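**Student:** My questions will all concern the structure given below.
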């Protein structure tokens, strides 16, 4: 798994193109403020140890959220951080499980629409922990 985390003062998205069969037909746009956005890329090798990958994902997101003094986390499937991509259903399960774990820990969470290319508008600060990358 590869994880790019960006602390955003403002993060907006608008669905542009549906790119996955089985994705919801009607999805909404959203704007979130003061949120850590996790751009998450699951690789085929990760499917063999999903529990470990999920735990590492949640721990990294919590750590980065604390460093940026936010309680808000956005989970965004971003299959552009490596050549190989995991099965979309495995990625969907990972995002759903991570969201549940974060909620159970008191975090406000949001998922971007799965299976869509999105128009993004990002306003990110320049502090030292505002942009982080992790490979698990």
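**Student:** With the chain treated as a Gaussian network of Cα nodes joined by springs under 10 Å, which of 42, 95, 118 yields the largest mean-square fluctuation?
**Tutor:** Most flexible of the set in this elastic network: 118.
**Student:** For the residues 31, 70, what sequence is obtained by ranking on other C-beta atoms within 10 Å, fewest first?
**Tutor:** Lowest count first: 31, 70.
**Student:** Here's a follow-up. From the Cα gyration tensor of segment 1-66, with a ≥ b ≥ c the square roots of its eigenvalues, which class applies: rounded if a/c is under 1.5, or else prolate if a/b is larger than b/c, or else oblate?
**Tutor:** It comes out oblate by the Cα gyration axes.
**Student:** Based on DSSP H runs of at least 4 residues, each adding -39500 (n - 2.57), what is the mean residue ellipticity at 222 nm of the chain after dividing by all its residues, to the nearest 500 deg cm²/dmol?
**Tutor:** Mean residue ellipticity, 222 nm, calculated: -8500 deg cm²/dmol.
**Student:** Could you check what % of the DSSP bridge pairs in the chain are antiparallel, to the nearest 5?
**Tutor:** Roughly 75 percent of the beta bridges in the chain run antiparallel, per DSSP.
**Student:** Sort out for me the Cα centre separation of segment 48-112 from segment 120-136, rounded to whole Å.
**Tutor:** After rounding, the separation between the Cα centres reads 15 Å.
**Student:** Once fully extended, how much extra length lies between residue 122 and residue 69, figured as 0.36 nm per residue of separation less the alpha-carbon to alpha-carbon distance?
**Tutor:** Working it through step by step, the gained length comes to 17.3 nm.
**Student:** Further question on the same structure: Which one of 68, 104, 33 has the biggest mean-square fluctuation once the chain is modelled by GNM with Cα springs under 10 Å?
**Tutor:** Maximum among the listed residues: 104.
**Student:** Follow-up. What is the Rg over Rh value, at two decimals, for the chain, using alpha-carbon atoms and the Kirkwood definition of Rh?
**Tutor:** 0.93
Taken together, the values in this text are just the output of simple stated rules run on the coordinates, not laboratory data. Owing to the predicted nature of the structure, the values given are computational and were not obtained by experimental measurement. Because the Cβ atoms are built from the backbone with ideal geometry, glycine has one as well, and the counts that use them run over all protein chains shown.
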